[in-house]
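Novice: The structure's right below; bear with me while I get my questions together.
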Amino acid sequence: MAARRLSSVLSRSLSLSPALGSSSFLRSLASGSSVSGNSCSSRYSTSAAVEELITPPIEVTYTKNLINGHFVDAASGKTFPTYDPRSGEVLAHVAEGDAEDIDRAVAAARKAFDEGPWPKMTAYERSRVLLRFADLVEKHNDDISALESWNNGKPFEQAAKAEVPMLARLFRYYAGWADKIHGLTVPADGNYHVQTLHEPIGVAGQIIPWNFPLLMFAWKVGPALACGNTIVLKTAEQTPLTALYVGRLLLEAGLPPGVLNIVSGFGPTAGAALASHMDVDKLAFTGSTNTGKIVLELAARSNLKPVTLELGGKSPFIVCEDADIDHAVELAHFALFFNQGQCCCAGSRTFVHESVYDEFTEKAKARALNRIVGDPFKKGVEQGPQIDSEQFKKILKYIKSGVESNATLECGGERFGSKGYFIQPTVFSNVQDDMLIAQEEIFGPVQTILKFKEIDEVIRRANASKYGLAAGVFTKNIDTANTLTRALRAGTVWVNCFDVFDAAIPFGGYKMSGIGREKGIYSLSNYLQVKAVVTALKKPAWL
């Protein structure tokens, strides 16, 4: 599989490459056999339950906090459980970091920045560490993927063939940037030599979410390290395991102790301590808009550290009257249901032109009824469980709200199976803009289909949201596409595609979807300070 193709997380082909198909576990999935136990999956309309679950052949080894190059217990000695969302059963007990652990991690990061070798290495040497790490990620692809799927519930094939390869791709991308970061010489009025230096910002605090643990790790850690910073990263309490695993691989790749510190814990304790820490120079957060507001306030009330926020969304997916309906249905389905609907930029408001609305709705319903739900370790499964009980209950409440608001429930709407956090793929039609399901971020497998008549109308309605993270446009008309892409107030607009996440494409939102951009060249500025150096010249030969 070409690297460029791997750079798109949505890749529908996801064909097994020789490199990714080398392990017995991945080969067993390709053949449809199970490794341990029997997994039941089905199209949800059969109402079959997920019975015996496949146990992946990997041990949970890293459960302690990574501080100053060592895996250590929490200062309090406390642990907390992390769960298998397929069953709700405890998967492992993880060190529960709090403010004291954050203090220790920040102290280690500060010492590594002020006294350690990392910022003083040549940029080329830093890039070699990141490249070695990418090689190790590929070497351990199947183990990392299994752990990601086990702790998160996403389909193993999605992790193994798209997300973990993308982790390696992103680090190679940032390794390439490490020795290309430089300032400028600036002409000035008078006898002066003026230059700008691009310096690492210092200790970066980073808080990542549970829906894409490894990709968000890469989006934040990659550019911070390439710029020469040190890091304290807090994992989501729901999914702490893979960050700890790949943190060990970074040490193996030659990252000096204290450069990357990883603390597992809860938002009100560990997260708040990191956001408000006086010795953290920069903060990056991905999560909900409400939590983002808290993080921003804590950063401002402490040392006014700069903050990058990637927050919620309610992205419009606009199907115009000239669209290829079959293609549009499939793309809109993927835009919403990908990753169990747990995607901040999900196409969660599907606007369809009135002339094709009925046809689109019927076909969208049929596609949802054919979506394969089950054990994410079973070959061919498209949808695993939601992340946890809280999210599961929240989604069902939104579905109930849609029914009570008189939207038409075309299919789904209920729990799938008898254990774990599986939800039937759900489609609502006749959705109105003032309904809760059309306004708030559901973060689950619930497609809402709205009708529009005119382009100006759909622009107005699509923009009538507090969010502005992404949008999708489906049309054959280049003029229509150009009109919509410029009018939609969103950080990313995909035209006749969706969820394309190449390493070089910046990502971030307008309005309450966040501040700043991640990925691409734009992400480097998040982790650099610009210093102007002005030197007086005596009798310069030229200016």
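The values are calculated or read from the model by the stated rules, or taken from the named source; none is laboratory data. Note that the structure is a prediction, hence the values are computed from the model and not measured. With ideal geometry, Cβ positions are generated from the backbone for all residues, glycine too; neighbour counts draw on all protein chains shown. Surface areas here come from the heavy atoms of the whole protein model, side chains and all, with no ligands, DNA or RNA. Shrake-Rupley method; radii C 1.70, N 1.55, O 1.52, S 1.80 Å.
Novice: How far apart, in nm, are two points set 7 Å out from the Cα along the Cα-to-Cβ line at ASP479 and at LYS538?
Specialist: 6.9 nm
Novice: Moving on to the next point. Report, in whole Å, the centroid distance computed from the Cα atoms of the stretch 174-224 and the stretch 307-333.
Specialist: 32 Å
Novice: Under the definition of Cα pairs under 8 Å and six or more residues apart, what whole-number percent is the relative contact order of the stretch 246-315? Before the final figure, lay out each step's value.
Specialist: Working: 61 pairs, mean separation 19.6, N = 70.
It comes to 28 percent, rounded to a whole number.
Novice: Here's something else I'd like to know. First select every other residue whose beta carbon is under 13 angstrom from the beta carbon of HIS70; then total the charges, Lys and Arg +1, Asp and Glu -1.
Specialist: So the surrounding residues net to +1.
Novice: Related question: Translational diffusion coefficient, Stokes-Einstein: compute it for the stretch 289-328 using the Kirkwood radius over C-alpha pairs as Rh, at 37 °C and 0.692 mPa s, and state it as an integer in µm² s⁻¹. Working shown, then result.
Specialist: Numbers: Rh = 13.4 Å.
The estimated diffusion coefficient comes to 246 µm²/s.
Novice: Next up: Evaluate the relative contact order of the stretch 316-502 (contact order divided by residue number), counting alpha-carbon pairs under 8 angstrom at least 6 apart; express in whole percent.
Specialist: After rounding, I find 27 percent.
Novice: For HIS198, what charge total do you get from the other residues with a beta carbon under 11 Å from its beta carbon, if Lys and Arg give +1 and Asp and Glu give -1?
Specialist: +1
Novice: Please list, in order along the stretch 165-175, the HN-Hα scalar couplings obtained from phi with the Karplus expression 6.51 cos²θ - 1.76 cosθ + 1.60 (θ = phi - 60°), rounded to whole Hz, x for Gly and Pro.
Specialist: Those phi angles translate into x, 5, 4, 5, 4, 5, 5, 5, 4, 6, 4 Hz.
Novice: Please report the carbon-and-sulfur percent of the accessible area for the chain; probe 1.4 Å, protein heavy atoms only, DNA, RNA and ligands left out.
Specialist: About 52 percent, which is the carbon plus sulfur part of the accessible surface.
Novice: So, how do all the Cα-to-Cα distances of the stretch 317-420 break down into 5 Å bins, in percent, from 0 on up?
Specialist: Percent of pairs per bin, in order: 2, 11, 19, 24, 22, 13, 6, 2, 0.
Novice: A further question on this structure: At what distance in nm do the modelled label points of ALA464 and ASP324 sit from each other, each positioned 7 Å from its Cα along Cα→Cβ?
Specialist: The two pseudo-label positions are separated by 3.3 nm.
Novice: When the Cα centres of the stretch 242-292 and the stretch 507-523 are compared, how far apart do they sit, in Å?
Specialist: Between the Cα centres of the stretch 242-292 and the stretch 507-523 lies a distance of 19 Å.
Novice: In the stretch 529-543, which residues have a backbone nitrogen under 17 Å from the label point lying 7 Å from ASP189's Cα in the Cα-to-Cβ direction?
Specialist: The answer is 543.
Novice: Which lysines, if any, have their Cα less than 26 Å from the Cα of LYS379, not counting same-chain residues under 8 positions apart?
Specialist: Cα-Cα hits under 26 Å: LYS139, LYS154, LYS161, LYS363, LYS365, LYS419.
Novice: Then there is this: Taking the solvent-accessible surface of protein heavy atoms with a 1.4 Å probe, what is the per residue accessible area of the chain in Å²?
Specialist: Accessible surface, normalised per residue, equals 39 Å².
Novice: Helix 325-337 versus the longest principal axis of the chain: what is the Cα-based angle in degrees, 0 to 90, to the nearest 10?
Specialist: Roughly 60 degrees, rounded to the nearest 10.
Novice: Would you mind calculating the relative contact order of the stretch 436-504 from Cα pairs under 8 angstrom and at least 6 residues apart, reporting the percent as a whole number?
Specialist: 29 percent
Novice: Taking θ as phi - 60°, what are the ³J(HN,Hα) couplings along the stretch 354-362 by the Karplus curve (6.51, -1.76, 1.60), each to the nearest whole Hz, with x for Gly and Pro?
Specialist: Result, rounded to whole Hz: 4, 5, 10, 4, 5, 4, 4, 4, 4.
Novice: Related question: Using the reciprocal of the averaged 1/r over all distinct C-alpha pairs, how large is the Kirkwood radius of the stretch 477-543 in Å?
Specialist: 15.7 Å
Novice: For the stretch 353-397 and the stretch 407-432, what is the centre-to-centre distance using only Cα atoms, to the nearest Å?
Specialist: Cα centroid to Cα centroid, the span is 7 Å.
Novice: Arrange the peptides 528-535, 156-163, 178-185 so that the one whose residues have, on average, the most other Cβ atoms within 10 Å appears first.
Specialist: Working: 528-535: 12.5, 156-163: 24.9, 178-185: 14.1.
Going by the mean number of other Cβ atoms within 10 Å, highest first, we get 156-163, 178-185, 528-535.
Novice: Still on this model: Give me the angle, in degrees from 0 to 90, between the Cα long axis of helix 213-226 and the longest principal axis of the Cα atoms of the chain, rounded to the nearest 10.
Specialist: Roughly 20 degrees between the two axes.
Novice: Okay, next question. According to a simple spin-label model (label point 7 Å from Cα along Cα-to-Cβ), what is the distance in nm between GLU199 and LYS531?
Specialist: The answer from the label model is 0.3 nm.
Novice: Another question, then. What Kirkwood hydrodynamic radius, in Å, does the stretch 316-502 give when the mean of 1/r is taken over all pairs of distinct Cα atoms and then inverted? Walk me through the intermediate numbers first.
Specialist: On the way: mean 1/r = 0.0608 Å⁻¹.
About 16.4 Å for the stretch 316-502.
Novice: Let me ask something else about it. Taking R0 as 25 Å, what's the FRET efficiency between LYS453 and ASN496 from their Cβ-Cβ distance, rounded to 0.05?
Specialist: So, using R0 = 25 Å, E works out to roughly 0.70.
Novice: To continue, here is another question. Probe 1.4 Å, all protein chains in place: accessible area of LEU488 in Å², nearest 10?
Specialist: That residue has around 10 Å² of solvent-accessible surface.
Novice: Per-residue ellipticity at 222 nm for the chain, helices alone: DSSP H runs ≥ 4 residues times -39500 (n - 2.57), over residue total, nearest 500 deg cm²/dmol?
Specialist: The helix contribution divided over the chain gives -10000 deg cm²/dmol.
Novice: How long is the stretch 155-253 along each principal axis, judged by its Cα atoms, biggest number first, in Å?
Specialist: 63, 25, 25
Novice: Next up: Work out from phi, with θ = phi - 60° and the Karplus expression 6.51 cos²θ - 1.76 cosθ + 1.60, the ³J(HN,Hα) of each residue of the stretch 342-353, listed in order in whole Hz, and give x for Gly and Pro.
Specialist: 8, 9, 4, 9, 3, x, 8, 10, 8, 8, 10, 4
Novice: Amide H of CYS411: which non-local residues (sequence gap of 5 or more, or other chain) have their own amide H closer than 5 Å, using H built in the peptide plane?
Specialist: VAL427
Novice: Compactness ratio of the chain: Cα Rg over 2.2 N^0.38 Å, N = residue count?
Specialist: 0.99
Novice: Still on this model: Restricting attention to the stretch 453-543, which GluC sites (Glu not before Pro) occupy a DSSP loop and are surrounded by at most 14 other Cβ atoms within 10 Å?
Specialist: Passing both the DSSP loop test and the Cβ count: GLU454.
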